[in-house]
1. Please give the FRET efficiency for residue 140 paired with residue 165, using the beta carbon to beta carbon distance and R0 = 35 Å, rounded to the nearest 0.05.
2. Around residue 118, under 12 Å between beta carbons, what's the net of Lys plus Arg minus Asp minus Glu among the other residues?
3. Return the distance in nm (one decimal) between the two label points of a simple spin-label model at residue 126 and residue 83, each offset 7 Å from Cα along Cα→Cβ.
4. Provide the gained length on full extension for the span residue 182 to residue 158, in nm with one decimal, where the gain is 0.36 nm per separating residue minus the Cα-Cα distance.
Amino acid sequence: MKGPIKKLLIISILAFTSLLFTSQAVFADSDLSISISSDSVQLELLPGEFGTESQTITASTTDSSGYTIRLTTASDSAALVDVLDNSKTIPTFTLPSGSSSIPVDSIGDGYGYSVDSGANYLPIPEPLDAPAVLFKTSTAGSNNHTLTFGVKAPTSIQSGTYSNTFNIVIVANLLPCPADNICYAGNGDDETGTMENQ
């Protein structure tokens, strides 16, 4: 099943980070909707200091199986890239070996996201990696979720505007296939394809 998509543009200046959201309406078999609390977020920070900003994602569905919200990278890299010189980047966080997340007091240089109000952070997935699951619910209804971005600019970073583009996607969870039926999952396609009777 498909669902609404939010485009997320991260723009970072040495002491300033802005998050811009634009909405693209998409319709599915279930009534799915998603909204974000603000179209602009600013992170004021200095090199070597850690700055955060949070957004409220409101998602709702009538599908009895609930929904999943995912984050994907729309560009060629997960790093923030200087818009004037693509050799200058701010990388996403790197997970320590054997760790599932990074506690906020262990944050190194880079940036990433948190789904527990900034207590722990995760790296942004690279474009060829599986999308990050931000939030998942198994029941219908409307819910608010807090998504926090954190950035710690390296002390060596040069002044500039750094950016990247991401998609935040909500999809209805697939229901189990009923007995004596054959069910088809389109792996994220737009569900416009057809299949001949067999």
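1. Working: r = 31 Å, r/R0 = 0.88.
Efficiency, rounded to the nearest 0.05: 0.70.
2. Numbers: positive: none; negative: 53, 105, 116.
For residues surrounding residue 118, the net value is -3.
3. Distance between the two pseudo-spin positions: 2.7 nm.
4. On the way: separation 24, 0.36 × 24 = 8.64 nm, distance 5.64 nm.
Length difference between fully extended and current span is 3.0 nm.
Each reported figure results from applying straightforward, stated rules to the coordinates on display, with no laboratory input. Small disclaimer: the values here were computed from a predicted structure and weren't measured. Because the Cβ atoms are built from the backbone with ideal geometry, glycine has one as well, and the counts that use them run over all protein chains shown.
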